[in-house]
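Following: one structure in structure tokens, then a few remarks.
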Amino acid sequence: MAPARIAWRLAAVTDVLVETPRAKTLVLDVPGWPGHVAGQHVDVRLTAEDGYQAQRSYSIASAPEDATLALTVERLEDGEVSPYLTDELGPGDELELRGPIGGYFVWRSHDGGPLLLVAGGSGLVPLMAMVRHRATLSSTVDARLLLSARSSDDVLYRDELARLAAGDGLAVHQTFTREPPAGWSGFARRVDADMLGHVGPAPSQRPRIFICGPTAFVERAADLLVGLGHDTAAIHLERFGPTGG
Amino acid sequence: MSEDPRWLDGNALGGLLQELFGAEMTGAPHTCQSCGTERPVAAYRLYLGAGTVLRCPVCDQIALVAAALPDRHVVHLTGAWRLEMPPAWLDPTKERRASPPPADSRKR
């Protein structure tokens, strides 16, 4: 369970990792951090000199077992918060946040599987926390990850995913909706029923399903999975989308 | 605030709910006043604008309206909200324990 009291804390940026041309990971040291569960998010608050405040939610990318907290932020043009986080913040800077938040879109290794994770673009972030949590504990739970991205430039954690996919029980599937890499022979279209059927697991295996991405992506994937016969109650959604950046 | 004219989900309301209720509430079941559907708050639809509106994913009935004023939150709730939170002796960062701690540790 999440902490009963929720306080704003000052986090110190210890590192900034470039993930894609539009996304960076902020590695944070958060004194007094109570720990989190994979899938949870934090609220980030920026305060201007005149007192104006802007607040946004960002998913936690790191595994609960990691020593530092990582948030991956996609830069949204005209966003109020994300350009500051991706362009201005650097090691040594401080950031105000509260969390961890959420008790629904979460997975713990002992919840078991099989697991179906469906990500649209930067909707991969909270699902990556689950994948990392699974890997850190050497879990062999059957896990399938389907990642939809416009082009390979938009794929977060590319090398790490390739490495983890070589391990036990994790299958990583990708589809490119706009610009597949040269020589790509995999999926190159929007997520559809055939693709989800191919990725599996079958509804009879009763997978726990987590879908995160822009609102329209999430709606569509959820409808397709229900159409394939998956139990609505097993489908967890997080509409990520441009929530105001 | 949002370039996407459509909704998010109740999950994004977790921080405010935790502030208001003192507990993680997105997994809490909410029963719609209008159609009687029971779903976790996280599965409701969240509309962000000048204020925050949470609606039933089935019939669109309003479950919560919140406005952030400079000095306070104004929150209007409808339907049935079920609050579940661990008693104070539980370490909130840990998962549910099978049994309470020894009696000694509960003395004030």
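Please treat every number below as a calculation from the coordinates, not as lab data. Model, not experiment: these values are computed from the prediction. When we count neighbours, we look across all protein chains shown, and the Cβ atoms used for this are built from the backbone with ideal geometry, even at glycine.
Computed quantities for the displayed model
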read-out	value
Subset of region A:13-33 (residues that are surrounded by fewer than 16 Cβ atoms within 10 Å (Cβ to Cβ) and within 14 Å of chain B (Cβ to nearest Cβ))	A:GLY32
Filter pass, A:LEU85 being assigned to a strand (DSSP E or B), surrounded by 16 or more Cβ atoms within 10 Å (Cβ to Cβ) and in contact with a strand residue (DSSP E or B) (Cβ under 7 Å, 6 or more places away or on another chain)	no
Pair list, Cβ < 9 Å and 6+ apart or interchain, from region A:119-144 residues that are free of Cβ contacts under 8 Å to residues at least 40 places away in the same chain to residues that are among the charged types (D, E, K, R)	A:VAL131/A:GLU160; A:SER138/A:ASP168; A:SER139/A:ASP168; A:THR140/A:ARG134; A:THR140/A:ASP168; A:VAL141/A:ASP111; A:VAL141/A:ARG134; A:ALA143/A:ARG134
Test for B:THR37: is it polar (S, T, N, Q), surrounded by fewer than 20 Cβ atoms within 10 Å (Cβ to Cβ), over 28 Å from A:TYR52 (Cβ atoms) and in contact (Cβ under 8 Å) with a residue 40 or more places away in the chain	no
Residue satisfying all of: in region A:45-58; at the interface with chain B (Cβ under 10 Å from one of its Cβ atoms) and buried (at least 17 other Cβ atoms within 10 Å of the Cβ); farthest from B:LEU8 (Cα to Cα) among these	A:GLN55
Strands (runs of 3 or more DSSP E) within region B:1-81 that include 3 or more residues touching a His at 6+ places or on another chain (Cβ under 9 Å), more than 11 Å from chain A (Cβ to nearest Cβ) and over 17 Å from A:VAL42 (Cα atoms)	B:62-68
One residue from A:SER151, A:SER185 being more than 17 Å from the chain's Cα centre (by Cα) and without any contact (Cβ under 8 Å) to a residue 12 or more places away in the chain	A:SER185
